[in-house]
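Working notes, beginning with the structure itself.
Throughout, read-outs are computed from the coordinates displayed, never taken from laboratory work. Remember, it's a predicted structure, so these values are computed and weren't measured experimentally. FYI the Cβ positions are ideal-geometry reconstructions off the backbone, even for glycines, and counts take in every protein chain you see.
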């Protein structure tokens, strides 16, 4: 088998390997996003359950207040008893708003982290693909004896940006 054939085979394996590696990183990012999205759904479900528990707790408290006033013979439809029960219900409403805000913020943050994870996986995958293809190409060129050149008989080193910049000027 000729060196060129071996180099071509090695190049092909390198390209396929880098593509598979890149796909794996992309899928890992998508799976991490799915986990964050699931956590966000759980956070919203917890928030909903906490809202229901809060509503029940304050409804019971207002009911106990009304029963205590009524047992004492106080008219609960007007005056201070009504104001006290309204204030208790208002506290429950404020606490419900805090629960809703905290739950929504937590879920939104989880979803944001998921988007970042997917983006990070996509970028890492693309980077792996490009890096692998670049390395396979360089190895192929070395194996086939290609040395590069600028047309004037001298070698051109494209190994770094500074060399590229100096060669272009």
field: Contour minus Cα-Cα distance for residue 4 and residue 120 (0.36 nm per residue)
entry: 38.1 nm
- request: Would you mind computing, in nm to one decimal, how far apart the modelled labels at residue 137 and residue 68 are, each placed 7 Å from Cα along Cα→Cβ?
  value: 7.9 nm
- request: Would you mind checking region 80-105 for residues with the amide N under 15 Å from a putative spin-label position 7 Å along Cα→C-beta of residue 57?
  value: 88-103
- prompt: How high is the relative contact order of the chain, in percent, counting Cα pairs under 8 Å that sit 6 or more residues apart?
  reply: 44 percent
task: Please build a GNM for the chain, connecting alpha carbons under 10 Å apart, and tell me which residue among 32, 49, 110 fluctuates the most.
output: 49
Helix 79-143 axis, angle to the chain major axis (alpha carbon atoms, nearest 10°): 10 degrees
